Amino acid sequence: MSTREQGAASATIETRDDLVRWIAAGEKPKADWRIGTEHEKFVFRTVTLDPVPYGGTDGIRALMEELIRRYGWVAIKEGDNVIALKRPDGQKGGTISLEPGGQFELSGAPLETLHETAAETDEHLREVIDVGEDLAIGFLGVGFSPKWRLDQIPHMPKKRYQVMTRYMPTVGSRGLDMMYRTATIQVNLDFSSEADMVKKLRVSLALQPIATALFASSPFAEDRPNGFQSMRSEVWLDTDKRRTGMLPFAFEDGMGYERYVDYALDVPMYFVYRDGNYIDVAGSSFRDFLAGRLPGLKGELPTADDWSDHLTTLFPEVRLKRFLEMRGADAGRWGTITALSAFWTGILYDEAALDQAWTLVRDWTTEERENLRAAVPKTALATPFRTTTVASIARQALRISRHGLKNRARINTKNQDETVFLAPLEKIAGNGQTVADELLRRYSGEWEGNVDRIFEEFAF
């Protein structure tokens with residue numbers, strides 16, 4: 001979830017065409033396509049295994065302040081609270097931000113190669129582990145909190161989360177679980193034209209449940225197995241159906257920027273940001289805002305920043321802004337982070353690979369895609385599909401991705417191309433055993449039913 005910095009006012013939006021043009025402005029020539037990787041992790045006390053609150057001498061704020069002191073990050077504040085970090089002006093780098101329950105996220109810089117993504121991830125994890133050791137704080141990369149009840153999790157002092165916390169229970173039974181007890185890896189990828197966007201959106205929506213299965217890592221909740229391979233993915237099924245899901249309209253004739261804009265116009269808003277404050281407009285539509293009829297702001301028209309903010313509050317399996325965001329994966333361990341970016345980069349950034357992927361999925365029906373999405377959280381790679389299984393489709397998708405990465409031919413100093421980053425996924429697809437399967441095996445075996453062991457053996 002994004003963090004808005006105060007700055008110069010953005011342009012006023014007056015028409016629906018302005019909204020379309022805002023998205024279309026994200027088009028980039030292939031030479032300028034980049035990879036932006038985001039990854040979250042749970043923060044816990046290494047002694048008690050409790051979640052870490054914001055305040056105190058060894059809390060989340062202290063962690064951020066020490067990252068500032070040791071590594072030169074710059075604070076982004078909301079009032080007196082440090083809520084995010086950025087690199088100093090003029091320096092390349094991503095941002096560090098806080099999810100509602102203190103999940104610690106790096107939103108990586110837009111990078112040219114997966115080798116750079118891996119290096120960025122390594123640097124970030126080394127920094128937070130270095131600081132965390134001195135504060136007795138650890139970091140865990142799985143998709144759902146394996147131990148903590150919802151009422152045990154601290155709330156981060158970000159005003160937009162206060163709006164969402166109030167609104168979420170009115171539109172679904174699992175919205176607060178999504179906010180406070182899930183963690184994910186995501187990757188943002190570019191498109192060159194409207195047609196390119198549509199093709200990539202369709203392929204990535206269809207294959208998103210395959211990624212969910214490959215990255216399933218959340219089989220525990222409240223100290224016991226929860227019956228799912230990806231509880232994170234299951235939670236999204238009852239969070240807020242108007243802003244989530246598989247976007248069936250994306251596969252209809254006439255799909256393009258305008259169709260996505262029409263969808264977004266009618267998804268209820270959460271807030272409007274003005275003068276450092278979040279104004280709660282939850283439930284109102286951006287369509288009313290565009291017409292100057294937004295309750296509490298009547299006669300006022302939205303800005304480009306308002307539109308950008310609103311688009312970040314839509315949570316489909318693949319989200320369109322000025323790039324495409326892949327949203328189907330559980331959080332994971334060190335090597336898995338770059339593996340997600342590798343999977344999608346290989347498929348979407350090589351024309352031949354994209355064509356192969358489209359051939360794989362183009363005759364899947366709306367019903368089949370929806371059924372796949374609904375089944376995968378529970379059965380992951382074992383999910384049946386037509387005459388085969390998700391594991392078989394995953395292997396096909398990985399072969400396509402490997403082909404695409406080979407065609408990209410981005411070589412590091414060890415003379416390795418980017419296919420090296422697919423190794424964790426190829427192992428999972430090859431043996432049909434997800435991280436969730438591995439965790440459940442350990443739980444029933446050497447852990448002797450003690451979920452606490454996950455904090456020892458799976459932490460970064």
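With all protein chains in place and a 1.4 Å probe, the accessible surface of the chain carries 47 percent carbon and sulfur.
Net charge in the neighbourhood of residue 432 (other residues with Cβ under 15 Å of its Cβ; Lys, Arg +1, Asp, Glu -1) is 0.
Once the 1.4 Å probe is applied to the protein heavy atoms, the chain comes out at 38 Å² accessible per residue.
Placing dummy labels 7 Å off each Cα toward the beta-carbon, the span from residue 291 to residue 241 is 2.5 nm. For segment 350-460, the equivalent ellipsoid built from the Cα gyration tensor has semi-axes of 29, 24, 10 Å, listed from largest to smallest. So if I place +1 on the C-beta of Lys and Arg and -1 on the C-beta of Asp and Glu, and nothing else carries charge, what would the dipole magnitude of the chain be about its Cα centre? I want it in debye, nearest 20. Roughly 500 debye for the chain.
Subtracting the Cα-Cα distance of residue 119 and residue 150 from their residue separation scaled by 0.36 nm leaves 7.7 nm. Computing FRET efficiency as 1/(1 + (r/R0)^6) for residue 371 and residue 129, where r is the C-beta to C-beta distance and R0 is 30 Å, gives about 0.15. Taking the convex hull of the alpha carbon positions in segment 178-297 and averaging its projected area over all directions gives 10.2 nm².
For segment 314-330, the Karplus equation 6.51 cos²θ - 1.76 cosθ + 1.60, evaluated at θ = phi - 60°, returns couplings of 8, 10, x, 4, 10, 10, 9, 10, 9, 7, 9, 10, 7, 10, x, 9, 5 Hz by residue, with Gly and Pro reported as x. Near the amide H of residue 303, within less than 5 Å, lie the amide hydrogens of 13, all on another chain or at least 5 residues away, with H placed in the peptide plane. Note on residue 382/residue 74: beta-carbon distance plugged into 1/(1 + (r/R0)^6) with R0 of 41 Å gives a FRET efficiency of 0.30. All other residues whose Cβ lies under 14 angstrom from that of residue 419 are scored, Lys and Arg at +1 and Asp and Glu at -1, for a net of +3. For the chain, the Kirkwood estimate of the hydrodynamic radius, built from every pair of different alpha carbons, is 22.4 Å.
The values are calculated or read from the model by the stated rules, or taken from the named source; none is laboratory data. Being a predicted model, the structure only gives us computed values, none of them experimental. Reconstructed Cβ throughout: ideal geometry from the backbone, glycine too, with neighbour counts over all protein chains shown. All accessible areas refer to the heavy atoms of the entire protein, side chains included, with ligands and DNA or RNA removed. Shrake-Rupley method; radii C 1.70, N 1.55, O 1.52, S 1.80 Å.
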